[in-house]
1. So which of 24, 111, 118 is in contact (Cβ under 8 Å) with a residue 12 or more places away in the chain and either over 14 Å from the mean Cα position of the chain (by Cα) or surrounded by fewer than 19 Cβ atoms within 10 Å (Cβ to Cβ) (or both)?
2. Any idea which residue in segment 243-277 is surrounded by the most Cβ atoms within 10 Å (Cβ to Cβ), counting only those that are free of Cβ contacts under 8 Å to residues at least 40 places away in the same chain and on the phi > 0 side of the Ramachandran plot?
3. Looking for something within 24 Å of the chain's Cα centre (by Cα) and over 19 Å from residue 115 (Cβ atoms) - is there at least one such residue anywhere in segment 193-204?
């Protein structure tokens with residue numbers, strides 16, 4: 001009973017605390033943080049770990065932007081490398097372990113664009129603003145359990161996929177309308193070079209993520225990917241999205257499963273999986 005009271009007290013602290021009620025320490029990265037509860041100093045998260053979390057973030061005056069408790073399923077996340085310099089959310093996560101909880105004060109634009117992959121800043125958020133991020137690490141998840149959770153609660157039907165896709169779009173403030181095919185094209189940087197056209201050879205860097213934020217693969221740090229546009233060696237959504245780009249351009253391609261691997265899936269891509277590609281078009285030949 002005492003344990004339950006203690007846990008409840010911690011949760012109340014996390015929910016109620018704000019910038020003016022907390023004394024933040026500064027990490028060597030520049031991140032402002034306050035550790036609410038620390039279970040084990042010797043069992044910290046590492047890059048690549050899969051975890052379930054309670055995560056929320058809000059403005060400094062208390063306007064909530066996101067709360068994972070509003071989700072219909074477990075909130076899962078892969079621990080990533082720091083997404084930007086100057087003190088990132090990822091720097092904070094690497095200070096925590098299973099059972100730990102903390103509050104971070106982060107630069108709004110850097111956090112939303114690079115850690116949360118928002119296409120646009122939410123209404124009322126400016127480039128000068130900071131956010132209060134509250135996190136509790138519930139548990140580490142094995143890859144086997146992770147696949148089972150996704151298969152049971154997410155990859156059951158196209159209707160379920162579309163429901164979760166809409167939540168993703170709402171959470172990340174993506175307002176671009178889908179193309180007729182269902183592809184959602186979010187331009188990050190407008191290219192000024194050659195237009196990608198059918199038959200041309202395309203060289204790109206890309207990162208592929210699942211809608212849950214799990215990084216599947218990336219060409220960053222290795223050779224870029226080269227292919228011929230129009231020869232159907234890549235998925236339909238990729239063909240359509242890259243054909244909308246010019247050299248030097250950067251875009252996010254949100255590709256529903258019907259334009260990717262459909263109800264069958266492929267390899268570690270489960271059925272009814274929406275794919276998120278971050279693409280930089282390097283060269284058109």
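Taken together, the values in this text are just the output of simple stated rules run on the coordinates, not laboratory data. Computed from a prediction, not measured in an experiment: that's the story for all the values here. When we count neighbours, we look across all protein chains shown, and the Cβ atoms used for this are built from the backbone with ideal geometry, even at glycine.
1. 24
2. Checked segment 243-277; the qualifying residue surrounded by the most Cβ atoms within 10 Å (Cβ to Cβ) is 262.
3. yes
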